[in-house]
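Worksheet: the structure to be examined is printed underneath.
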Amino acid sequence: MMKDERGGMEGGRRPMRDQTDYVEQKDMQQFLIETLTALIKFPTFVPPGEHYGEIVDWLISMLTGFGFVCERIDIPQEIVNVRLKDADLHGVRANLIATKAYAARESVDLYTHLDVVPAGEGWSTPPFEPVIKDGKIFGRGVADPKGNVAALLTALHIMEVQELESRYSLRVVLTTDEELGLYSGLCYFADEGLLQGDYMLCMDTDNEGICVATNGVLNWEMVIHGRSSHSSTPFLGVNAVEQAALVVHELQALKGEIERRESAVPCSPEITDLTGQQHIKPVFNVTMINGGVKENLIPPSCRIRGDRRYIPEESADSVVEEFKDAVATIKADHGIDLNLTPKPGFPPMFTDPSHDWVRRVQAAASAAFGVPKGINGVQGGLDVGYAVQRSQQPVCSFGVWRCTESNIHGPDENVRISDLTNYVKFLLRLLTRQKET
Ligand SMILES: [Zn+2]
């Protein structure tokens, strides 16, 4: 339900007005939607991750208008060459840090990324031309991550025009290549010591709870070596595709063992409703298989790739050891010639749920959304895990989308306009002192 321009709820009693209701004014709603639309129109999908320079320059002009000191930071090419060497990238990796000092004792880094995943197939609307339907906005990145950026810009705009006093000095951190899972702009900022807020708010999450934990990420690749021959004389060759099928089958035992574990960190109530699962779990998936040359040729090699997510209680080293041991057994049992390459990604993230920063975020989110928000973990991985391992900042994540509804990374990605609106209210509650009205 929309509220009228004075902030009154149609046809019902409403609580005392506060500054956060200002976002419901028509011009602010328009600013929110137009800002999100403009952000989506920069096709910053990765790979290749082009157009970062353009979106950052656009953001700089807006944030400068809000009184921020902005710095565009392009990752040096020699670092890109080393840290992102296997990725199919084009264009400069342009990142943004924008700071505004207030008369505040503490500071906060407000972070999300600027890249999106490619559109993929199955869309009913053009992915980079946002469409509004049934109270939602559809487009690639409307939820993950650009809805967060639009809500943040709207909150900063409201702070400016309403002259709201901030509780913190603000540091806006908008960075590249999170979706690659390799080395993001945020990782670079962490390595360069640019993350200096007393706290960090990561906006790259759903709005179902305050996230204090994420899984660590380990991608992997396996090449099965066979021997080529004419397919009418298979006894002269070794069929790498058929051997790969056997390997995939045998890996199910490891998958079962891994997925029987669970973390002490609870998962969101929505995930519990959907799966019955109470806590976050580790995951093991085979996700890609490539092999073969031609129908009548015994395939000489086959490549399998996959994804292992590990809970904060597991270590990266133990995860790799366990995987190598399982693969060594499969090789020995079946006489298969294969090479395994583990590709460690972001480590897990974990902040003590009783930390004061987590409690402040929880209180602001619960008040803004009008429902109590719990504290939980997610099974995805975030570059924040890498960043705070270096910066040692207390961090928690809270974002705009709904994990079972917004279809992030899929076709028809969407976000409720009411969630964007409540998210602006959340930011205003968290960051500003409320004036009496
Ligand atoms: Zn994201």
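Mind listing just one residue for me: the one in the stretch 259-300 that is of a type in the set (G, A, S) and surrounded by 13 or more Cβ atoms within 10 Å (Cβ to Cβ) and, of those, nearest to the chain's Cα centre (by Cα)?
Per the criteria, the residue is S268.
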For the stretch 382-400, which residues satisfy the criterion of being in a loop (DSSP other than H, G, I, E, B) and surrounded by fewer than 24 Cβ atoms within 10 Å (Cβ to Cβ)?
Q392, Q393, P394
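Filter the stretch 208-233 down to residues that are within 16 Å of the ligand (Cβ to nearest atom) and within 21 Å of V388 (Cβ to Cβ) and give me whichever is surrounded by the fewest Cβ atoms within 10 Å (Cβ to Cβ). Step through it out loud before you land on a result.
Let us first name the residues in the stretch 208-233 that are within 16 Å of the ligand (Cβ to nearest atom), namely 208, 211, 214-215, 217.
Keeping just the survivors that are within 21 Å of V388 (Cβ to Cβ) gives 211, 214-215, 217.
Details: C211: 30, T214: 30, N215: 28, V217: 25.
If we take residues in the stretch 208-233 being within 16 Å of the ligand (Cβ to nearest atom) and within 21 Å of V388 (Cβ to Cβ), then V217 is surrounded by the fewest Cβ atoms within 10 Å (Cβ to Cβ).
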Take the residues of the stretch 139-171 that are within 24 Å of the chain's Cα centre (by Cα) and more than 16 Å from the ligand (Cβ to nearest atom): which is farthest from Q434 (Cα to Cα)?
R171
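Residues are listed down the side, and each one gets a yes or a no for (1) within 16 Å of the ligand (Cβ to nearest atom); (2) surrounded by fewer than 20 Cβ atoms within 10 Å (Cβ to Cβ); (3) in the same structural domain as D144 (by TED's automatic domain parsing); (4) part of a loop (DSSP other than H, G, I, E, B):
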position: P48; (1), (2), (3), (4): no, yes, yes, yes
position: G53; (1), (2), (3), (4): no, yes, yes, no
position: D57; (1), (2), (3), (4): no, yes, yes, no
position: L63; (1), (2), (3), (4): no, no, yes, no
position: I79; (1), (2), (3), (4): no, yes, yes, no
position: V92; (1), (2), (3), (4): no, yes, yes, yes
position: A98; (1), (2), (3), (4): no, no, yes, no
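Okay, residues lined up against (1) farther than 29 Å from T64 by Cα; (2) free of Cβ contacts under 8 Å to residues at least 24 places away in the same chain:
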site	(1), (2)
G120	yes, no
W123	yes, no
K133	yes, yes
G139	no, no
A143	no, no
L156	no, no
I'm trying to understand the selection: among the residues of the stretch 300-328, which are touching a residue at least 24 places away in the same chain (Cβ under 8 Å) and not in a strand (DSSP E or B)?
P300, I311, P312, E313, E314, A316, V319, V320, E322, F323, A326, V327
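Inspect all residues belonging to the stretch 409-417 and state whether any of them is part of a helix (DSSP H, G or I), more than 16 Å from the ligand (Cβ to nearest atom) and either of a type in the set (D, E) or in contact with a Gly (Cβ under 6 Å, 6 or more places away or on another chain) (or both). Before the answer, list the steps.
Our first condition is that a residue be part of a helix (DSSP H, G or I); within the stretch 409-417, this holds for 417.
After this cut, where a residue has to be more than 16 Å from the ligand (Cβ to nearest atom) as well, the list is 417.
Checking which are either of a type in the set (D, E) or in contact with a Gly (Cβ under 6 Å, 6 or more places away or on another chain) (or both) leaves us with 417.
Among the residues of the stretch 409-417, at least one is part of a helix (DSSP H, G or I), more than 16 Å from the ligand (Cβ to nearest atom) and either of a type in the set (D, E) or in contact with a Gly (Cβ under 6 Å, 6 or more places away or on another chain) (or both), which makes the answer yes.
The values are calculated or read from the model by the stated rules, or taken from the named source; none is laboratory data. What you see is a predicted model, and the numbers here were worked out from it, not measured in a lab. Cβ coordinates were reconstructed from backbone atoms using ideal geometry, including for glycine residues, and neighbour counts include every protein chain displayed.
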